[in-house]
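These notes are about the structure you will find just below.
Readers should treat all values here as calculations from the given coordinates under stated rules, not as data from a laboratory. Remember, it's a predicted structure, so these values are computed and weren't measured experimentally. For neighbour counting, all protein chains shown are included, and Cβ atoms are generated from backbone atoms with ideal geometry for every residue, glycine included.
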Amino acid sequence: MIAEEDLVRSPAWLPVDVAANGVSLARLDEAAYCRSSFLDQRLFALGYERSLCSPGVIGSAATHLTFPSHYIFHTGHVGSTLISRLLGEHSAFFVLREPAMLRAIAAPAAGTVAAGAADAHGLTLEVALALLGRTWRPGQRALVKATSFVSELAGRALAAGAHPTAIFMFAQALAYLRGIFAGPASRAESRQLAPMRLARLVRRIGGSDPHLVPRSEGEWIAMSWACEMSALREAADRFASRVLWVDFDAFLAEPAVALEAIFRTLGAQPAAGEIERLLGSPVMRQYSKAPEHAYDAALRRELLLEAGREHAAEIGRGMQWLERLTRRHPLLDVQPR
């Protein structure tokens, strides 16, 4: 069993999931965190050492820890992993990508999020954030890149700790629809998450509206965009001074300007030439979740155009669904301001 002092000392032991006799933790070094796109059960399949700890010990350790300084929240498939990898090259940041703890708290079985409620581990959001705020060195700041549906927790995360800041990443509705239709995996993921997203959107709007229920794949994908964007807008309305909206396609059009703004929002000053070095690195030419595959701005444009042609009818249905629902529910007018 892992002791409390082991959890307080460093991020080496990361709580991942619940087991019959405690919480399972994976032992990672800094390089392992840097490599990992997902801090979840996949770590154990990769052979990382596993151990156990009681929820009580984890909760006690959390009382000695501080919350993360920064977050990346996003709508999904909009370059958040790319941005997190670029930022992770800077010595000021310790980046954690898609921790399972936050997913478990954000998506209980009923598809609702109750403020202050414990998740299946017996861990509250505040305890999870404290564990994710650990760093390797003094002066280093934790930056948590959440999973898309964890955006429901963005407001609570920004309310915790010493005034954390956040990057909110998104794509315009048309680009989002084309991006999801461009890949079989993204379409499958969208279908899987759709019922939970609809429940969240209905709860946010309040009341019942039969027109809200999508009737085609394009409408379901448009609903997913509206769900995640409205969650981000809700948080941004509360913490506007601590949020920077980043349109992924605008970033790709002028990456140096956008990356400099991101660093500035996070309170970091890159050394002379560092932004140019980062933008010229292999990171910009790889698929960030699977760096063995090539991917860049030109390929994204090509894939979006191809998806737009191949799935024009469904994309049109999705855009019309958004237009109709925005007229009925002004809360769905979610463009960043």
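What distance in nm lies between label points placed 7 Å from Cα along the C-beta direction at Leu305 and Ser216?
2.5 nm
Please get the size of the charge dipole for the chain, origin at its Cα centre, with Cβ charges of +1 on Lys and Arg and -1 on Asp and Glu, quoted in debye to the nearest 20. Display every interim value, and only then the final one.
On the way: 36 positive and 34 negative charges, 95 e Å.
Roughly 460 debye for the chain.
Rounded to the nearest 0.05, what FRET efficiency do Ala19 and Ala199 have when you use their Cβ-Cβ distance and R0 = 25 Å?
On the way: r = 28 Å, r/R0 = 1.13.
After rounding to 0.05, the efficiency reads 0.30.
So, in nm, how far is label Gln140 from label Ala31 when the simple model puts each one 7 Å beyond its Cα toward the Cβ?
Distance between the two pseudo-spin positions: 1.4 nm.
Would you work out which of Phe93, Ala240, Met284 lies farthest towards the positive end of the dipole of the chain, given +1 charges on the beta-carbon of Lys and Arg and -1 on that of Asp and Glu, about the Cα centre?
Checking the options against the dipole of the chain, the answer is Ala240.
Counting only complete DSSP H runs, which helices of the chain cover 18 Å or more along their long axis at the Cα atoms and score a mean Kyte-Doolittle of 1.0 or above? If you can, show how the numbers build up before the last one.
Numbers: long enough: 184-205 (30 Å, -0.44); 217-238 (32 Å, -0.30); 297-310 (20 Å, -0.27); 312-328 (24 Å, -0.78).
Length and hydropathy pass: none found.
So what's the gap between the Cα centers of the range 259-305 and the range 1-38, to the nearest angstrom?
Here the answer is 28 Å between Cα centres.
Which percent, to the nearest 5, of DSSP beta bridges fully inside the chain are antiparallel? Working shown, then result.
Details: 11 of 30 bridges.
Antiparallel bridges: around 35 percent, rounded to the nearest 5.
So for each of 218-228, 52-62 I average, over its residues, the number of other beta carbons within 10 Å; can you give me the resulting order with the highest mean first?
218-228, 52-62
So for the chain, taking the charge dipole from beta-carbon charges (+1 Lys/Arg, -1 Asp/Glu), which of Ala157, Leu201, Ala188 sits furthest toward the positive end?
Leu201
Note down the nm distance, to one decimal, between modelled labels 7 Å out along Cα→Cβ at Gln41 and at Arg285.
According to this spin-label approximation, the distance is 3.7 nm.
Taking the Cα centre of the range 144-288 as origin, work out the dipole magnitude from +1 charges on Lys and Arg Cβ and -1 charges on Asp and Glu Cβ, in debye rounded to 20. Provide the component values of the computation, followed by the final result.
Details: 16 positive and 14 negative charges, 82 e Å.
Magnitude of the dipole: close to 400 debye.
Residues in the range 235-255, backbone N under 13 Å from the label point at Gln172 (7 Å along the Cα-to-beta-carbon vector): list them, ranges by number please.
Residues 247-251, 253 qualify, since their backbone N sits under 13 Å from the label point.
Take the chain, drop everything but the C-alpha atoms, weight them equally and run the Debye formula without solvent; then report log10 I(q)/I(0) at 0.07, 0.09, 0.12 Å⁻¹ to two decimals.
-0.28, -0.47, -0.86
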